Amino acid sequence: MRRAGRTVGSVIVALVLGSCGFTGDLSRFGDDVLVMSNLAEPGSLDPALQSGVEEQRITLALFEGLLSYDPKTLRPRPGLAERWDVSRDGKTWTFHLRPSTWSDGRSLTSADFVYAWRRVLDPPGTHREGSADYAVASPYADLMDVIVGARKYRRGEVDDFAAVGLATPDSQTLEVHLEQATPWFADLVCFPTFMPVPRHVVEYERERWTHAGVMISNGPFVLDERRPGAFLRVRKNPRYWDAETVRLESLVYLSTDRVDTALDQYLAGESDWVRGFNPLKARAWRADPELGRALHAPDYLGTYFLRFNVRRPPLDDVRVRQALTLAVDREAITRNLTAMGEKPATGIMPPCLVTDPPWRSLRGRGLDHDPHRARALLAAAGFPAGKGFPLLTYSFNSDVKNRAIAEAIQAMWKDVLGIRVELLNREKRVHLARERAGDYDISRGSWIGDFNDPVTFLDFMRSGAGNNRTGWSSRRFDELLDAARTESDSAQRIALLQAAEEILMVDEAPLLPIFHFTTAYVLRPGRFAGIFENARDLHPPKFIRRLP
Amino acid sequence: MSGAVSLPIRKSWTLRVSFAFLLLVGGLALATPYLDLADPDAQNLELGPTAPSTEHWFGTDPLGRDLLSRTLYGARISLLVGLVGTAVAVGIGVLYGMLAGWWGGRADLLMMRVVDLLYGLPYMFFVIVLMVWFGRSMINLFIGLGAVSWLTMARIVRGQVLSLRGRDYVLAARATGLPTRVILRKHILPNIAAPVLVYATLTVPRVMLEEAFLSFLGLGVQPPAASWGSLISEGAVLFREYPWLVLVPGAILSVTLLALNFFGDGLRDRMAAEDHPA
Amino acid sequence: MLTRLLLGVLTLLAILVASFFLQRIAPGGPFDLERDMPEAARQALIREWGLDRPVPEQLGLYLKGLCRFPPDLKRSMVQPDYTVWEIVGPRLQVSASLGFAALCIALVLGIPLGVLAAVHDGKMADRVTMLVALTGVAVPAFVLGPLLKWIFALELGWLPESRWVGPANMVLPAFTLAALPLATAARLVRSEMGTILRGDVVRTARSQGLSERRVVFVHALPGALVPVIPWLGPATASLVTGSVVVERIFDIPGLGTTFIDGAFNRDYTLVMGTVIVYSILLILMNLLTDGLLVLLDPRARSARS
Amino acid sequence: MSRAKRVSAPVLDLVWDDLRLRFPGQKNPVLDGVGLRLEAGRTLGLLGESGSGKSLSTLAALGLLPRSAIHVGGTIRLGDTDLLSLDARARRRLLGATLGAVFQDPSTALNPYLTVGFQMSEGLRRIDGIPGREAREICLEALETCRIREPRRALRSRPHELSGGEKQRVLIAMATVRHPDFLLADEPTTALDVATRGAVLEVLLERGHDLGMGLLLVSHDIFLLGECVEQMAVMYAGRIVESGPTRRLLTSPRHPYTRGLLAAAPRLEGPRGRLPEIPGHPPAVDERLPGCPFAPRCSLALPSCAQERPAWVSLGEEGGFACPVTETEG
C-alpha cells in the first residue's frame, strides 16, 4: 500500500516536473563538449536566411561550403571542393567536389549547390518554371552579385535562370562565371549564403526543415536539439567526409543574450566560452590574473562610426563635418571607454585587413584629433566658438557601450567646439528605420567586412547604396570604385581604393570614424585547443578539441 | 494593491521618522543644484570605477562619474517621475471614480466592471510597448505610468462619492438645482481630498518602482540623465565587479520606498482612527 | 458567470485590436536590419506578410486566421524557422511553472507571516515580520535577484547560477519573483486577520474553550483568506510582468522575454501571439478567482442565489 | 461520561469582587469596583446602559477582554479559584465546560465558513474527546431542546442559511451543549426582531432551568429582566449602583438611577404619554466624577455627591445600593 502510494507520488512529481519545461542537462555527450554562450537566439538555421554572426557560428558547425576557413589565417582551404581552378582572366572558377554525403547518407552533388544558390537568388514570392519549391528572402543575396547575371535575376529583371553564370558539367564539378575578376570569391564561397542545402528535405519539410530531428546537413556536426530561447546543441556527424579530424563530440550554443548574464554563467562554470564581453568590466577582470588570462580581444574586421546626415544643414557643410570629426579624441575613447584594445580610427579601413600591397592607413594624415583645427573649421563655417550652432541630435541604439561613447563625444564637442547635441537613445529597430529613412542628424553606425577585401568597406558608401543612408554622394568616389573593379593589377587597384578612402574619410567626411572593433571574448584558459585569435572572429568548430 | 491593506504602524513614531526621512530626501533633491557637488555627467575616464572613499563618498562609476552626485540628481528625476506619474493617476482616477460614484446605477456598474477587468491585465506591458514603440520620452513615461496606476484610486473615490451622494448637504445642494459640476467641485471634492491624498502617497512609491523597472529594461529616462532606477540597472550587471554601484542607489531607493509606504500607511491608519474613534 | 465569460472574450478582442494597431503605428519594422537586405527581398517579404495592405485589412486577415481550428498564430517574422506557437508553447510552460511556484511561495510563506503578525499584533514579532514582508515591496526584483544569485549561486554555490536545467534552477528565480506578492499576501492577511481576531466569530470560538491555535487556524483563517482570493487575479498579472525581470536575470527561456524581445524586434506575429496567450491566461485567472470566491465565501454565494 | 462526573461535582458560586479595569490612555478605570454574585442554578440580571461596563464585566469572567485592558484590582472567583489569575490554558478549560456564553449579535457570532454541526460539536470532540457520531447526537438533542425545527438540517447548514432567531438559538444550544454550570448571556435578544425575542428568551431560560445552570442575563431593558430573573444588579458608569431581588428593585428601587430607569421605561399597562426621561447622558470614562458618577443627572444630588464616593448600603436579603441621599429614606 505504502509502496503503491510512493509510486503514485513519484509519478505525480515526474509529471509536474515534466510540465515545467526544464531543458535538462546539456552535456550528455561525455567530456568532449564545448558549451558556448552565443549571446543571441539564432534567427534561422537556414544558411540562405542568415544575417548574424551568431547564426554563422552555428552554420559553420552544421554545413560546409565549397571551401572552408583555415582556423588560424581564415584563408580559404578545400572544403567540399577538393580543388579549384581559376581561369587566367579570373572570371571563371571551377570547383571539383570530393565525394561526400549528407548526414542522412544521400550523396551530395554539384546540383545541390545550384539548387541552394538558385534558392538564394529566386525573387521571393514569385514562382517560376523549374525554380525552387519555395523561395526565401535571403538578406545576403547581393553577395552573389559578382556572378554573371545574378543581380538581374534576383531583382526579377531576367526570368531565365540560365542567364546566371552557373554550370554543372558533371555531378562533381561546379563552374561559376563571374562578372569581373573577383579575387575574394574564394572567401565568399565559405560564407553561409553559398552553402548547399538538402533539397530532398527542404522541399518536403519546407520551413520546418531546420527543426531538430528533421534537419539534414553536411558539416562536421549535425543538429541534436534546439530549444528557442535556451540553447542549441549539435553533435558530431559520423558521415562527414573528414570526420576523423573532428574531435568534439558535441557543441552547445547557449542563447543567453545578455552578456553580463553570460559572464556570470562563465564564472559559475556553466559555460566555457562567452562570445562577447562588457568593456565596463575590463578593469576588474584584468586585475584578476585568472580572469585576465581568459579575456581575449583580437582585432576585428569592422569599424564603428557616426553617420552625418548631409541633407541637413549645417551638416551639409563639409567644414562642419570635418570640425566635428577633428574634435573627437578617439584615443581617449578607446583607451578608457571601449578599453578592449580597439584602435582609434581615422579611416574606415580596419588595420587588420590584409591587402597586397599593405594598406596605407590614414592615421597621421587624415582627420586625427586636432581641437585647434576643429575650432578653426567651425569658425570658418560660420559658428565661431559654436555660436549660433543649432541643437543637433545624436541618435544611437540602446546599448551600454553606445551610450557611454555617445556621452563621451557629447562632452568632447561641448568642451572643444562649444556646441550642444542632444542624445537620442532609440531602440534598435526604430534607430535603423529612422536611419534608413534619413530621419536623423547624427547617427551611430558600424560596418563589418563581409569578406577580406577593402571593397567591402567602400562599396556600401556608393551614391544611393542602401547602406549609405547619409545622403552623401560623390561621382569621383563612385568612379574610383568602378575603376578598381576592372583593374587587374593588384597594386594599382589598391591605390585606386586608397584614393577612394581618402575622399570618403578626409575630403568629404560624411562618416566620423571612432574606432576599429576588436572582438572581446572570454575563453576558459587551458581547456581547448584549435581556437585562434583572428580578424573575423570565426573559429571553425571542426578543429576545436578539448585538452585533457 | 497596497491600497487595500494596512500596516502594523499605529504608533506615530514611524510616521514621524518616515516623514523626516522623506523630507530629507526631498530637500536634498531640491537643493542639489545649489550644493557644491561634482558635475553628475562629468566623466573622468582615467579614474574609472572607484569604491567609496573620502573623495567620492559613494564611489565612481566606470566612466569615473561621481556616484553621490549622480544619486542626488537621480533623486530629482525619480521623485519627479513618481510625483507626476501619481498626479496623472490621481487625475484620471478621481475623475473616473467621481463620475462612476455620482452617476451610480448602471453606469457605475459598467464603469467598475471595466476597472475590474483592467485590474487583471499586465498593465506594465502596455507601458513597455508604449516606451518601445513610441520612444522613451519623459512625457511618455509620465503618461504611461500614470495611466496604469489610476485603478485603485478610481475605486476608492467611487466608494467615497457613493456614500457622500446620500448626505444631507449634498441632497440639499442638488435640491437647489446646482449644476453637477459645481456640486462635485464644491461639495464632493473637498470631502474626498483626504483619502485621495493618502492613497496618492501610496501610489508614489509604486510609480517609482515601475519607473525603475522600466529602466531595468532600458526604457527609462534618457542619458546622460539618470534616475535611481537607471543607476541601479546599470549597476546591477556590474554587481560582482563594482558592488557599490548597485548597493548604494539600491539601498537608497529601497529605504525611500519603504518610507513612502510607511508614511502612506501611517496616514491612512491615522485617518481611520479619526473616522472611528475608539 | 456567462456574462463574465462574454466580457472576457470582449476584453480579449479589444486587447487584440489595440495591440495590433499600436504595433503597426509604431516606427520600425521587422525587416529593418543593420546591414540592409536587398531591396527586392525586402519588398517581397513585405508583400508576403501583407504589410503593404491597409492595417484594418491585415487585422481582418489575422483574426480570420485565429478563427480557424487550431487557431493560426502564423510564423514568427524574425525567427522564421518556427511558428509562433512553436516558440510560445514551451516558453509558456516555463513561465507558467515559474509563476505558479512563485505564487505558491508567496501564499505558503505570505499567509503564515500575515497570521503571525496579526496574532502578535503590535508586538515585536509583528513588526519584524512585517518589516521582512515589506522588503518585498521596497526591494525591487532587479536588486534582489542579483543579490540572491550572488550569495547562493556564486559565493555559496548551493544553487545553479542561471538557466532552466532542472528543479534546482527554479529556486532563486521563484523566490525573487515571489517577494512582491508575498509581501502583499502577508499584508492582506494581516489586515483581515486583525479585524477577524477582534471580531465576534473569534469571541464565540474562544468562549467555547478552544485552543488558540484552533481559534486562529480553523475559525479565523478562512475568513482572513477571503481578500486574498480576488487579489489572485491582479497578482498573476504582476507575476507576469515581474517575470520579465527575473527571466532576464536568471536567463530563463520564458514568455516575458519573448514578449519584450518580440516587441524590440518588431516581430509582429510573435508579439500578437504572446499578447493572446497572456490575455487568455489572465482572463481565465480572473474568472477562476471569481468562481473560487463564490465557491468559498458563503456570503457571496447567498448573495447570488 | 465526563459530563456525568461534572454533575456530581459540588457547584460553587461565581463572584465578582471589587473588579477594577482600566484602558491605556484613560485616567479613570472603566470598571470601578464591580461586585456581583451569580449563585449556582439561579438567575441574575445585569442592567445598564451601553457603556456602563456590563459587557466588560461579563467578558472579564470569560477571559475575553480586549488585550489592552489592564487589571487594576479585584477578583472574579469561582469557589476558591481566581479566574483572573488563571493562565490561558486553565481558563480555556473552564470555557464551555463550566462557563458558557451567548453574545449579542447572532449574525456575526457564528463562523460563516463552517457548518453549524462542526462548530457545535467542536468542543465536544476536541476537548471532551467524544467521537463524532456521539457528539452529533448530543448536538441534535441540544438543538431540539432549543426548539430548532429540523435540527438535522440545521446541523448540516451554514450560518447564512439560518434566520436571526434560529442563529441565536443555535448559539444558545452551542453554549450549553457541554452543560456548563454557568451561562453568561450578553444582551442575547437585543439584535433580534421584536417578534422573535420572546421565543429566544424563553428558550434561554428554559435551557438554563433544565440544566440547572446559573444564568447571568445582561440587558439594558429593566422590564425584560424583571420578567426573567430572580436577582438583579444595576450598573452605571462602571459601578454597581444597586442590587437585590428583582421584585424589590421593581417595587421599591432605592437608587435614583434605578428609579429613573423605571420611570422612563414604557409600560404596557398604565397611562400612555410622554415618559419622563432622565436628563443628560452617561459620562465618558474620563468625565466621571470622583464621587457618584450619576450626580450630574441626579435630581436629588447634594453638592457632596460629586466629590465623595457613595458608600454601599446593604439591605441584607434585599440587596443594597450606593446612594447617601436615599439611604435615609427607608
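No lab work stands behind these numbers, since they all come straight from the coordinates. Keep in mind that what you see is a predicted model, and the values were worked out from it rather than measured. Backbone-built Cβ (ideal geometry, glycine too); neighbour counts: all protein chains shown.
Taken residue by residue and averaged, Cβ atoms of other chains lying within 10 Å of the Cβ of D:221-228 number 0. Per DSSP helix of 4 or more residues, -39500 (n - 2.57); summed, then divided by the residues of chain D. What does that give at 222 nm, rounded to the nearest 500? Computed mean residue ellipticity for chain D: -9500 deg cm²/dmol. Against the main long axis of the alpha-carbon atoms of chain B, helix B:67-103 sits at an angle near 10°. Restriction of the trypsin sites (Lys or Arg not before Pro) in the range C:5-99 to DSSP coil positions whose beta-carbon has at most 15 other beta-carbons within 10 angstrom yields C:ARG68. For the range A:341-470, a Kirkwood radius taken over Cα pairs fed into Stokes-Einstein (10 °C, viscosity 1.306 mPa s) yields D = 94 µm²/s.
Can you tell me the 0 to 90 degree angle between the C-alpha axis of helix D:132-145 and the longest principal axis of chain D, rounded to 10? Helix D:132-145 and the main axis of chain D meet at about 50 degrees. The GluC sites (Glu not before Pro) of the range D:147-237 meeting both criteria, a DSSP state outside H, G, I, E and B (loop) and at most 16 other C-beta atoms within 10 angstrom of the site's C-beta, are D:GLU230. Peptide A:428-439 has a mean of 6 when you count, residue by residue, the C-beta atoms of other protein chains within 10 Å of its C-beta. Dimensions of the range A:407-548 based on its C-alpha atoms, expressed as ranges along the principal axes with the largest first, amount to 58, 45, 30 Å.
Normalised Debye scattering of chain D at q = 0.09, 0.13, 0.15 Å⁻¹ gives log10 I(q)/I(0) of -0.49, -0.99, -1.26, counting only Cα atoms as equal scatterers and leaving out solvent. Over all pairs of different C-alpha atoms, the protein assembly as shown has a mean inverse distance whose reciprocal, the Kirkwood radius, equals 37.9 Å. Among the lysines, which have Cα under 23 Å from the Cα of C:LYS74 when same-chain residues fewer than 8 positions away are ignored? Leaving aside lysines fewer than 8 places away in the same chain, those within reach of C:LYS74 are C:LYS64. First measure r as the distance between the Cβ atoms of D:SER163 and C:PHE217, then evaluate 1/(1 + (r/R0)^6) with R0 = 35 Å and state the FRET efficiency to the nearest 0.05. Step by step, r from the Cβ atoms, then E = 0.75. Each 5 Å bin from zero up to the one holding the largest Cα-Cα distance in the range A:448-504 carries the following percent of pairs: 4, 21, 31, 26, 14, 4, 1. A simple spin-label model places pseudo-atoms 7 Å from Cα toward Cβ; at A:ASP482 and A:LEU547 they are separated by 5.5 nm.
Could you list log10 I(q)/I(0) for chain B at q = 0.07, 0.11, 0.13, 0.16 Å⁻¹, which the Debye formula gives when each Cα is one point scatterer? Once normalised to I(0) and log-transformed, intensities are -0.32, -0.71, -0.92, -1.22. Quick one, what does Rg over Rh come out to for chain A if you take C-alpha atoms and the Kirkwood Rh? My calculation puts Rg/Rh at 1.00. Which entries in A:LYS72/A:LYS281; C:LYS123/D:LYS54; A:LYS236/A:LYS542; A:LYS72/A:LYS236; A:LYS281/A:LYS401; A:LYS72/A:LYS542 show an alpha-carbon gap greater than 18 Å? A:LYS72/A:LYS281; C:LYS123/D:LYS54; A:LYS72/A:LYS236, as the Cα separations exceed 18 Å there.
Using packing as a proxy for protection, rank A:94-104, C:190-200, B:249-259, A:351-361 so that the peptide with the highest average count of other Cβ atoms within 10 Å comes first.
Those peptides, ordered most packed to least, come out B:249-259, C:190-200, A:94-104, A:351-361.
Nearest 5 is fine: what % of DSSP beta bridges in the protein assembly as shown come out antiparallel, could you say? Close to 70 percent. Mean per-residue shielding of peptide C:70-80 is 2, counting Cβ atoms of other chains within 10 Å of each Cβ. For the range A:478-548, the share of alpha carbon pairs falling in successive 5 Å distance bins from zero is 3, 13, 14, 12, 10, 12, 10, 11, 9, 5, 1, 0 percent. Rounded, prolate or oblate for the range D:36-114? Axes are the square roots of the Cα gyration tensor eigenvalues, ordered a ≥ b ≥ c, and the cut-off for rounded is a/c under 1.5. Cα axes put the range D:36-114 in the rounded bin. Over all Cα atoms in the range C:137-248, the spread is summed up by Rg and Dmax: 18.7, 54 Å. Note on A:LYS387: lysines with a C-alpha under 20 Å away, same-chain residues under 8 apart excluded, are A:LYS414. Computed log10 I(q)/I(0) for the range A:64-199 at 0.09, 0.12 Å⁻¹: -0.24, -0.44, from the Debye equation with unit scatterers placed on every C-alpha and solvent omitted.
Dipole check for the protein assembly as shown: with +1 at the C-beta of Lys and Arg, -1 at the C-beta of Asp and Glu, and the Cα centre as origin, the magnitude is about 3300 Debye. As a ratio to 2.2 N^0.38 Å, the alpha-carbon radius of gyration for the range D:154-304 is 1.24. Once you divide the Cα radius of gyration of the range C:170-229 by 2.2 N^0.38 Å, the number left is 1.39.
Across 10 Å bins from the origin, how do the percents of Cα pairs in the range A:212-341 run, short distances first? With a bin width of 10 Å, the distribution comes to 10, 25, 23, 21, 14, 7, 0. In the range C:51-151, the ratio of gyration radius to Kirkwood radius, Rg to Rh, stands at 1.26 when only Cα atoms are counted. Here chain D carries DSSP beta bridges of which approximately 55% are antiparallel, counting only pairs with both residues inside.
Projecting the Cα atoms of A:GLY229, A:SER51, A:SER103 onto the charge dipole of chain A, computed from C-beta unit charges around the Cα centre, puts A:GLY229 farthest toward the positive end. In chain C, helices alone account for a calculated mean residue ellipticity at 222 nm of -24000 deg cm²/dmol, with every DSSP H run of four or more residues adding -39,500 (n - 2.57). Helix C:168-197 and the long axis of chain C differ in direction by around 40°, with both axes built from C-alpha atoms. Can you classify the range C:84-304 as rounded, prolate or oblate using the Cα gyration tensor, where a ≥ b ≥ c are the square roots of its eigenvalues, rounded means a/c under 1.5, and otherwise it's prolate if a/b beats b/c and oblate if not? Because a/c hits 1.5 or more and a/b fails to exceed b/c, the range C:84-304 counts as oblate.
Arranged from highest to lowest average of other beta-carbon atoms within 10 Å per residue, in what order do the peptides C:177-187, A:480-490 appear?
C:177-187, A:480-490
For the range A:212-370, a simple Cβ point-charge model (Lys and Arg +1, Asp and Glu -1, everything else neutral) yields a dipole of about 440 debye relative to the Cα centre.
Ordering C:ALA102, C:LEU210, C:PRO167 by the projection of their Cα atoms onto the charge dipole of the range C:58-216, which places +1 on the Cβ of Lys and Arg and -1 on the Cβ of Asp and Glu, puts C:LEU210 at the extreme positive end.
Using Cβ point charges alone (K and R +1, D and E -1), the dipole size of chain A about the Cα centre works out to roughly 1460 debye.
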